[in-house]
Amino acid sequence: MRYEEAIARAVERLSAAGIESAEIDARLLAQHVGLESSSTPSEELLSEFMQSVQRRCQREPLQHITGTMHFRFLELDATPGTFIV
């Protein structure tokens, strides 16, 4: 499966789960796990990506999945106890 096909499947799943920012979330999750748009990802990377997508489909905050959040010019750690706005 190529990168764009993986993104399309993720967007479809996220949209079906009611995630309004499905395409943005899919691309951020792909970046987080290390998928690159110019390559054919390994099965291991695809599996990790789809597990992240599944977590997001269950409404887990994107910031908790990636472990980071942004505020102005800062990149902050985000853990499950972190308040997300």
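Here are a few things to note about the model shown:
- Per-region count, the stretch 63-73, residues at pLDDT 90 or above and open to solvent by 100 Å² or more (accessible area, probe 1.4 Å): 2
- Val53 meets the stated requirement of being at pLDDT 95 or above and in contact with a Leu (Cβ under 7 Å, 6 or more places away or on another chain).
- For the stretch 1-11, a residue qualifies if it is open to solvent by less than 40 Å² (accessible area, probe 1.4 Å) and either over 12 Å from Val53 (Cβ atoms) or assigned to a loop (DSSP other than H, G, I, E, B) (or both), and exactly one does: Tyr3.
- Annotation note: Cβ proximity below 7 Å between a residue of the stretch 56-85 that is free of Cβ contacts under 8 Å to residues at least 40 places away in the same chain and a residue that is open to solvent by 100 Å² or more (accessible area, probe 1.4 Å) and not basic (Lys, Arg) (sequence gap 6+ or interchain) occurs for His64/Pro80; Gly67/Asp77; Thr68/Glu75; Thr68/Asp77.
- Residue among Leu29, Leu45, Leu76, Leu14 that is open to solvent by less than 70 Å² (accessible area, probe 1.4 Å) and assigned to a strand (DSSP E or B): Leu76
The values are calculated or read from the model by the stated rules, or taken from the named source; none is laboratory data. This is a predicted model, so every value here is computed, not measured. Note that we place each Cβ from the backbone using ideal geometry, even for glycine, and neighbour counts take in every protein chain shown. Accessible surface areas use protein heavy atoms only, side chains included; no ligands, DNA or RNA. Shrake-Rupley method; radii C 1.70, N 1.55, O 1.52, S 1.80 Å.
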